[in-house]
Ligand SMILES: NC(=O)c1ccc[n+]([C@@H]2O[C@H](COP(=O)([O-])OP(=O)(O)OC[C@H]3O[C@@H](n4cnc5c(N)ncnc54)[C@H](O)[C@@H]3O)[C@@H](O)[C@H]2O)c1
C-alpha cells in the first residue's frame, strides 16, 4: 500500500492553494471588506444553544487567540453550566448566562454568534443575527426548508455578514485533495456517487405529554415550530419530528451529502429527486422514517443516498480513524461515500477519515488520510470574522447540500414520488403538494420576513 501512497506534499501543496483561493473570497464578500464592521483583533462571541455541540465549539474557539465568549444562551437553565465553568477557566472571565438570544444581538460588543440550537431555530436566529450586524456560525443542517436557506443567504448578503455553516469537512485538507484528485480526471468520468448513512437505532416509542421541567421556557424552545404541549420525547429527542429536524438524513447524512458535493466541485441542485423508505426495521410510528433510499438525478451522473437507523453492525468512523492513522473497514463503515469514475473508485470518509482510490482486485492507487476538521473549521470562521473573507462553508455553498435533505424529505412526504426541481426558481415543477412544503408555517412572533 505504501508504494502507492499519494504524494501527500503534492496534494497538500494543491490543497493549500485551494484553501487560499477559498479564503480569498473573490466577489461579493471581498467588496464588503472595506466597509463591514468586522472585529479587528479581539473577537467577542455569544453561544446560542448550550448542548453537546455547543460544548465542542466553546472549548475549541475559546482557545483561539483573541477570542472570548461573552454570553452563553439557553432556554433551559439545566444546560450550559459546564460550558460556563470551562469558559471561566479558559478565559479568566465567566460568560454571562442568558435565556434570550436577543440580549446578545443587542450588545454592540458582540461580533459573532455561534448557533447550536435544534434546527427549527437555525434560520430565524441567523436572520435576526445578520439584521443585528453579527456574523454567524450556524450548525448543520442550516435550514429546515429550501425557502429558509434562501432567506439566510439573502440576509448574509444584505447585511454583509460572514455566515459559516457547521459542515466542518469543508475545512479538512482531505476534502480539498479529494476534490483536486477528481478534478484532475484520475477517476475518469464520474458516473455514480453513493452516499451511505447506515446507523444503528432502536424502536421509537411515543411518550405522554407532561409538565415542563423547572427552568425550561418551552414556548421559546418551540420558537418558530407549531405550539404543542410539553412532551419529554419531543424535548429530549427532537430528531424524529418533522417540526424540528429532517431526521437522520439532516442529522448525519447531511455531512456526507455536503462532502460529496464539495468533492464533485459543488454541483448545483439536482434535476429530480425520488425518496422511498419507511419504518421497516422497528415498525415504529415515528414521523421521520427509520430508513430512506434516495436517488438524485444530476443529469450527467446520479447520486444515491441510503440513510437510516436500523443497521447496528455498521460503524461510524471510530476515534483511531478520526484522530489517528487508521483506515476504516469500508464495507461496514456507516458514513462512507463511494465515488465511481470510469477508471477507478474513490472511498471518501467524513470527519477526519480521508480517502482511498481503488481499482480492480482492491489495489490502492492513491490515498490521503485526514484528521477531524474542527481544528481548521473553527479558526477559519474566526479568521473570516477578522478578514471579511469568504468562509469555507459559506451559506451559499452549504445551501444546496442542505436542500438535498429537504428535497428528499419532500419526495417522501408527498407519497414517495419523483419530483422535478427547477434550480433557478427553487421550486418543484410537477407537484403543488411538494411546493407547499418548501416553506414552513411559522408562529406569528417567530416569522422570518419575506424581505429580510
Ligand atoms: N457539525 C457537527 O458535527 C454536529 C455534531 C452534533 C450536533 N450538531 C448540530 O448542532 C445542533 C445542536 O445539536 P446538539 O446535539 O448540541 O443538541 P442539544 O439538544 O444537545 O442542544 C441544543 C440546545 O439548544 C437549546 N435551545 C433550544 N432552543 C433555544 C433557543 N431558542 N435559544 C437558546 N437555546 C435554545 C436547548 O435547550 C439545548 O440545550 C444541531 O443542529 C445538530 O444537528 C452538529
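Among the residues of the range 42-86, which ones are within 12 Å of the ligand (Cβ to nearest atom), within 23 Å of the chain's Cα centre (by Cα) and farther than 24 Å from residue 120 by Cβ?
Once the filter is applied, which keeps residues that are within 12 Å of the ligand (Cβ to nearest atom), within 23 Å of the chain's Cα centre (by Cα) and farther than 24 Å from residue 120 by Cβ, the range 42-86 yields only 60.
Please go through the range 418-433 and pick out each residue that is touching a helix residue (DSSP H, G or I) at 6+ places or on another chain (Cβ under 6 Å) and farther than 22 Å from residue 245 by Cβ.
Hit for the range 418-433 is 427, nothing else.
State yes or no: is residue 342 farther than 29 Å from residue 149 by Cβ, assigned by TED's automatic domain parsing to the domain that holds residue 197 and either surrounded by fewer than 20 Cβ atoms within 10 Å (Cβ to Cβ) or away from the ligand (no atom under 16 Å from the Cβ) (or both)? It would help to see each step written out before you state the result.
Numbers: farther than 29 Å from residue 149 by Cβ: yes; assigned by TED's automatic domain parsing to the domain that holds residue 197: yes; either surrounded by fewer than 20 Cβ atoms within 10 Å (Cβ to Cβ) or away from the ligand (no atom under 16 Å from the Cβ) (or both): yes.
For residue 342, the condition - farther than 29 Å from residue 149 by Cβ, assigned by TED's automatic domain parsing to the domain that holds residue 197 and either surrounded by fewer than 20 Cβ atoms within 10 Å (Cβ to Cβ) or away from the ligand (no atom under 16 Å from the Cβ) (or both) - is met.
Quick one: how many residues across the range 273-296 are under 22 Å from the mean Cα position of the chain (by Cα) and farther than 16 Å from residue 251 by Cα?
Final tally of qualifying residues: 5.
Just checking, how many residues over the range 314-344 are without any contact (Cβ under 8 Å) to a residue 40 or more places away in the chain and not in a strand (DSSP E or B)?
In the first step, residues of the range 314-344 are kept if they are without any contact (Cβ under 8 Å) to a residue 40 or more places away in the chain; the result is 315, 317-321, 324, 326, 328-332.
Add one more test, that the residue is not in a strand (DSSP E or B), and what stays is 317-321, 324, 326, 328-332.
Within the range 314-344, residues that are without any contact (Cβ under 8 Å) to a residue 40 or more places away in the chain and not in a strand (DSSP E or B) number 12.
One line per residue, one yes/no per condition, for (1) surrounded by 22 or more Cβ atoms within 10 Å (Cβ to Cβ); (2) in contact (Cβ under 8 Å) with a residue 60 or more places away in the chain; (3) in a helix (DSSP H, G or I):
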residue	(1), (2), (3)
352	yes, yes, no
355	yes, yes, no
406	yes, yes, yes
409	yes, yes, yes
417	no, yes, no
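Which of the residues belonging to the range 92-137 are within 25 Å of residue 380 (Cβ to Cβ), near the ligand (Cβ under 10 Å from one of its atoms) and assigned to a loop (DSSP other than H, G, I, E, B)?
116, 117, 118
Which one of these does residue 223 not meet: (1) touching a residue at least 12 places away in the same chain (Cβ under 8 Å); (2) within 13 Å of the ligand (Cβ to nearest atom); (3) on the phi < 0 side of the Ramachandran plot?
Tallying (1) touching a residue at least 12 places away in the same chain (Cβ under 8 Å); (2) within 13 Å of the ligand (Cβ to nearest atom); (3) on the phi < 0 side of the Ramachandran plot, residue 223 fails exactly one: (3).
Results for (1) surrounded by 22 or more Cβ atoms within 10 Å (Cβ to Cβ); (2) in the same structural domain as residue 264 (by TED's automatic domain parsing); (3) under 28 Å from residue 410 (Cβ atoms), shown as yes or no for each residue.
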residue: 96; (1), (2), (3): no, no, no
residue: 112; (1), (2), (3): yes, no, no
residue: 115; (1), (2), (3): yes, no, yes
residue: 122; (1), (2), (3): yes, no, yes
residue: 135; (1), (2), (3): yes, no, no
residue: 144; (1), (2), (3): yes, no, yes
residue: 147; (1), (2), (3): no, no, yes
residue: 151; (1), (2), (3): yes, no, yes
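Yes/no matrix, rows are residues, columns are (1) at pLDDT 95 or above; (2) more than 16 Å from the ligand (Cβ to nearest atom):
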| position | (1), (2) |
| --- | --- |
| 250 | yes, no |
| 253 | yes, no |
| 264 | yes, yes |
| 273 | yes, yes |
| 276 | yes, yes |
| 287 | no, yes |
| 291 | yes, yes |
| 294 | yes, yes |
| 297 | yes, yes |
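The values are calculated or read from the model by the stated rules, or taken from the named source; none is laboratory data. Because the structure is a prediction, the values reported are computed rather than measured. We place every Cβ from the backbone using ideal geometry, glycine too, and count neighbours over all the protein chains shown.
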